[in-house]
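Participant: Sharing a structure, written as structure tokens. Questions coming.
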Amino acid sequence: MGKAYNPKESEQKIYALWEEGGYFTPKIDPTKKPFTIIMPPPNANGALHAGHALFVTLEDIMTRYHRMKGESALWLPGADHAGFETQTVFDKKLEKDGRRRHEIPREQLLQEMMDFTLQNKAIMESQLKRLGASCDWSREKFTLDQDIVKIVYQTFAKLQNDGLVYKGTRLVNWCCKHQTSLSDLEIKYEERVDPLYYIKYGPFKLATVRPETKFGDTAIAVNPNDKRYQDYIGQEVEVQTVLGKSKIKVIADESVDMEFGTGAVKVTPAHDFADYETWQRHKDEIPGPKIVIDKYGKMNELAGPYQGMKILEAREKIVADMTAKGLLDEKETDKNYKHNVACCYKCGSVIEPTLMDGQWFIKTTEKPASGGLSLRDLAVEAVKNGQIKFIPARFEKIFLQWMENLRDWNISRQIPWGIPIPGDEEQVFDTWFSSGQWPFATLQSANKGDFEYFYPTTVMETAADIIFFWVARMVMLGIYVTGKPPFEYVYLHGLVRDKDKQKMSKSKGNVVDPLGIVDLHGADALRMALVFANSPGQDIAFSEEKIIAQKKFANKIWNAARFVITQSENEKGKMKNEKVTEADKNILNALQETATSMTKDIDNFYFHEAAQKIYHFFCYTFCDVYIEQCKKENNPEILLYVLRESLKLLHPFMPFITEQIYQMLPNKEKSALIVESWPK
């Protein structure tokens, strides 16, 4: 053994040893318990980041642990074409090259995007290997594989047959920059400060932050219990507008908050989701939606002299004109009104609720024609009856609360990149529709018997911030298609933040490149640093100092192994030391206690606790106490035994260095540490 551990020299060779040995590929064995993780497929549109390194570490820890426990442990890898996400990345690439998507013939564009995606997919896979991912590459899947697409279409057909799919004109979340609709899950809400204007509407005053939508008003709504407006309900009132006089009907609706503003609100069904629902309840009383803002975010012909203006420009001009005509109450205007604004999660543009035709939706709250529960109720029931458990448990309540307010799911996207909707090739499926089928689609399209043996899967480990983006979709579609929940546990990890707990971003210059860290300090140091203080569901503060500390730990492991192996070699041919000292007894007891405690921790998903326990045992109990005692007098057999068992306990966390040392042991029992038995 060299004097210092060199990860650059050994990591690639060790990974090759694992791959060539076929250790990542479990066999279907009815006598063995299966353990299954389906990898959340990283987006095949760029390099891995610190969040990816965290999920790889956590999922690899679980897989290696259960493999060592003798289970058929399958970690199935994959990659996501990522629809809208990849489209935005590719559009930026085109822009950098001085090209525009709309100027490229469709077939050529799709081929260029496929080439781009597959190149990134290959890079991403090599990076996963460098992080030590012991996933079964023989079963790898891609969301655009033909067998996956076939299953996606089968699910769509099943939903259609059950009357759960419809196409029509509906209000959607529209991104004017990207020119596509987005689901409710792809919206981020930002707190902003805008003026809250009070418009004079005949005998009413109406509070609004969006006076530019007034040309689309179809009614005034008040609460039926509001005594102030009882005489107006059902009546038409004459109002003065910047375009002249008009009449508008007053309706009663219980959704109106009597405490907000004046308790009277304008109803603009073509540009507000709540107003659209109000119109649905009062179709017989008031006119249908009037679109006044086009899909490019500009006022249309119904806005009169403001036609062609962008929204903010029009708002400023309309406010000025209304003020000049005395149609705004300037005294009551709240210039510092705080409210949440819906924005595109990719570009930050304000989302325009827009009435669009030809949109595809899935009914999430209606029962299927074939009978049974709605998609939402299938998911809620599975969580409430304990078939699906959240780690940490607090996310169960968050999940159930969110499901209560679920609306129909808009699954059509107006972009070229994705799985085309059958019979509507100009639109593609929302990427979450295909990835929402990932657990069962991967196994149904893999080897014969895989689905029957490995499904339902054991754990879905993913980021806490996509619990609604993805987890909810997988639960609904998984149960609907297969009759079984797609997984037993949902383990949610937090964000990886910088040392000051700030979110990492390129603009802040605080992004940590995981592959750069591997080059400098080795994969084991990165993995141990990520998991060491990472409790479930909590964001973690990450810094190079933490990685350096774990690199020092790796060196300590190496040096301890050098001492133990050297002692063993020196004792060859000599009489065995039969005497078991008090120190020997203490180290063996401490080893047993550590193994028992770590097993309990990992079974309960407390990976950070297990990591800290083996770190403490190896650094202090074994190295600083026992090995120091052994420098005077030692029992090489016990030294070797404790080292070997320690390597087993360390292996899920630090697989490369532990395998490298294991291969040098004179008392190894298996061909590789990766298939050793977990200490009992």
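The values are calculated or read from the model by the stated rules, or taken from the named source; none is laboratory data. These numbers come from a predicted model, not from an experiment. Methodologically, a virtual Cβ is constructed for each residue, glycine included, from the backbone with ideal geometry; neighbour enumeration extends over all protein chains shown.
Participant: Of all residues in the stretch 159-181, which are surrounded by fewer than 18 Cβ atoms within 10 Å (Cβ to Cβ) and among the charged types (D, E, K, R)?
Facilitator: Listed by number, the residues that qualify are Lys167, Lys177.
Participant: Hey, does the stretch 97-116 have a residue that's at negative phi, touching a strand residue (DSSP E or B) at 6+ places or on another chain (Cβ under 8 Å) and at pLDDT below 95?
Facilitator: Residues of the stretch 97-116 that are at negative phi, as a first pass: 97, 99-116.
If we keep only those that are touching a strand residue (DSSP E or B) at 6+ places or on another chain (Cβ under 8 Å) as well, we get none.
Among the residues of the stretch 97-116, not one is at negative phi, touching a strand residue (DSSP E or B) at 6+ places or on another chain (Cβ under 8 Å) and at pLDDT below 95, which makes the answer no.
Participant: Can you say whether Gly2 is free of Cβ contacts under 8 Å to residues at least 60 places away in the same chain and within 25 Å of Asp519 (Cβ to Cβ), as far as the supplied structure shows?
Facilitator: Values: free of Cβ contacts under 8 Å to residues at least 60 places away in the same chain: yes; within 25 Å of Asp519 (Cβ to Cβ): yes.
So Gly2 passes the test.
Participant: If you go through the stretch 267-300, how many residues are touching a residue at least 24 places away in the same chain (Cβ under 8 Å), assigned to a helix (DSSP H, G or I) and over 19 Å from Val341 (Cβ atoms)?
Facilitator: The number of residues fulfilling the criteria is 3.
Participant: What are the residues in the stretch 164-218 that are assigned to a strand (DSSP E or B) and under 28 Å from Arg100 (Cβ atoms), if any? Lay out the reasoning, then the answer.
Facilitator: Within the stretch 164-218, the subset assigned to a strand (DSSP E or B) is 165-175, 180-182, 187-201, 204-208.
Matches in the stretch 164-218: Val172, Asn173, Trp174, Cys175, Thr180, Ser181, Leu182, Ile187, Lys188.
Participant: I need the full set of residues from the stretch 121-153 which are farther than 16 Å from Gly418 by Cα, assigned to a helix (DSSP H, G or I) and in contact (Cβ under 8 Å) with a residue 40 or more places away in the chain, in order please.
Facilitator: Ile123, Met124, Glu125, Gln127, Leu128, Lys129, Arg130, Trp137, Ser138, Arg139 - these are the residues of the stretch 121-153 that are farther than 16 Å from Gly418 by Cα, assigned to a helix (DSSP H, G or I) and in contact (Cβ under 8 Å) with a residue 40 or more places away in the chain.
Participant: For the stretch 45-75, which residues satisfy the criterion of being within 24 Å of Gly522 (Cα to Cα) and outside any helix (DSSP H, G or I)?
Facilitator: Across the stretch 45-75, the qualifying residues are Gly46, Ala47, Leu48, His49, Trp75.
Participant: State all residues of the stretch 602-638 that are buried (at least 18 other Cβ atoms within 10 Å of the Cβ), within 38 Å of the chain's Cα centre (by Cα), not aliphatic (A, V, I, L, M) and not in a loop (DSSP other than H, G, I, E, B); if no residue qualifies, say none.
Facilitator: Phe607, His608, Lys613, Tyr615, Phe617, Phe618, listed by residue number.
Participant: Next up: When you scan the stretch 227-246, do you find a residue that is in contact with a Cys (Cβ under 8 Å, 6 or more places away or on another chain) and within 25 Å of Pro353 (Cα to Cα), even just one? Quick ask: steps written out before the conclusion?
Facilitator: Kept after step one, since they are in contact with a Cys (Cβ under 8 Å, 6 or more places away or on another chain), are these residues of the stretch 227-246: none.
Scanning the stretch 227-246, I find no residue that is in contact with a Cys (Cβ under 8 Å, 6 or more places away or on another chain) and within 25 Å of Pro353 (Cα to Cα), so the answer is no.
Participant: Mind checking which residues of the stretch 273-314 are closer than 20 Å to Gly234 by Cα, of a type in the set (Asp, Glu) and out of contact with any Lys or Arg (no Cβ under 9 Å at 6 or more places or on another chain)?
Facilitator: If the condition is that a residue be closer than 20 Å to Gly234 by Cα, of a type in the set (Asp, Glu) and out of contact with any Lys or Arg (no Cβ under 9 Å at 6 or more places or on another chain), then Glu277, Asp284 are the ones that fit.
Participant: Quick check on Leu128: is it under 23 Å from the mean Cα position of the chain (by Cα), surrounded by fewer than 17 Cβ atoms within 10 Å (Cβ to Cβ) and among the hydrophobic types (A, V, I, L, M, F, W, C)?
Facilitator: Working: under 23 Å from the mean Cα position of the chain (by Cα): yes; surrounded by fewer than 17 Cβ atoms within 10 Å (Cβ to Cβ): no; among the hydrophobic types (A, V, I, L, M, F, W, C): yes.
No: the conditions fail for Leu128.
Participant: For a quick check of your reading of the model, give me the residue pairs whose first member lies in the stretch 396-412 and is more than 15 Å from Ala382 (Cβ to Cβ), whose second is in a loop (DSSP other than H, G, I, E, B) and not polar (S, T, N, Q), with beta-carbon atoms closer than 6 Å and at least 6 apart or on different chains.
Facilitator: What qualifies is Asp408/Lys363; Ile411/Asp430.
Participant: A further question on this structure: Which of the following residues is touching a Gly at 6+ places or on another chain (Cβ under 6 Å) and surrounded by fewer than 24 Cβ atoms within 10 Å (Cβ to Cβ): Ala523, Ala533, Ala464, Ala541?
Facilitator: Details: Ala523 fails: surrounded by fewer than 24 Cβ atoms within 10 Å (Cβ to Cβ); Ala533 fails: touching a Gly at 6+ places or on another chain (Cβ under 6 Å); Ala541 fails: touching a Gly at 6+ places or on another chain (Cβ under 6 Å).
Only one candidate qualifies: Ala464.
Participant: Still on this structure, please answer the following. Could you tell me whether any residue of the stretch 492-507 is of a type in the set (Asp, Glu), crowded, with 18+ Cβ neighbours inside 10 Å and over 30 Å from Gln629 (Cα atoms)?
Facilitator: Checking the stretch 492-507: at least one residue is of a type in the set (Asp, Glu), crowded, with 18+ Cβ neighbours inside 10 Å and over 30 Å from Gln629 (Cα atoms).
Participant: While we're here: Quick check: is even one residue across the stretch 545-556 in contact with a strand residue (DSSP E or B) (Cβ under 6 Å, 6 or more places away or on another chain) and crowded, with 18+ Cβ neighbours inside 10 Å?
Facilitator: Of all residues in the stretch 545-556, those in contact with a strand residue (DSSP E or B) (Cβ under 6 Å, 6 or more places away or on another chain) come to none.
No - not one qualifying residue is present in the stretch 545-556.
Participant: Give the residue that is nearest to Tyr337 (Cα to Cα), with candidates limited to residues of the stretch 219-238 that are polar (S, T, N, Q) and assigned to a loop (DSSP other than H, G, I, E, B). Spell out how you get there, then give the answer.
Facilitator: We begin by selecting, within the stretch 219-238, every residue polar (S, T, N, Q); these are 223, 225, 230, 235.
Of the ones still in play, those that are also assigned to a loop (DSSP other than H, G, I, E, B) are 223, 225, 235.
On the way: Asn223: 23, Asn225: 26, Gln235: 31 Å.
Among those residues, the one meeting the criterion is Asn223.
Participant: I've got another one for you. Considering every residue within the stretch 350-366, establish whether at least one is surrounded by fewer than 17 Cβ atoms within 10 Å (Cβ to Cβ), at pLDDT 90 or above, of a type outside the set (A, V, I, L, M) and part of a loop (DSSP other than H, G, I, E, B).
Facilitator: Scanning the stretch 350-366 turns up at least one residue that is surrounded by fewer than 17 Cβ atoms within 10 Å (Cβ to Cβ), at pLDDT 90 or above, of a type outside the set (A, V, I, L, M) and part of a loop (DSSP other than H, G, I, E, B).
Participant: Please find, among Glu71, Glu59, the residue that is of a type in the set (Asp, Glu), farther than 23 Å from Ile415 by Cα and buried (at least 22 other Cβ atoms within 10 Å of the Cβ).
Facilitator: Glu59
Participant: Just name the residue that is nearest to Glu285 (Cα to Cα) out of those in the stretch 218-242 that are free of Cβ contacts under 8 Å to residues at least 40 places away in the same chain and in contact with a Pro (Cβ under 8 Å, 6 or more places away or on another chain).
Facilitator: This residue is Ile233.
Table: residues versus (1) assigned to a loop (DSSP other than H, G, I, E, B); (2) at pLDDT 95 or above; (3) assigned by TED's automatic domain parsing to the domain that holds Asp272.
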residue	(1), (2), (3)
Leu302	no, yes, yes
Pro305	no, yes, yes
Gly326	yes, no, yes
Glu330	yes, no, yes
Asn336	no, no, yes
Gly348	yes, no, yes
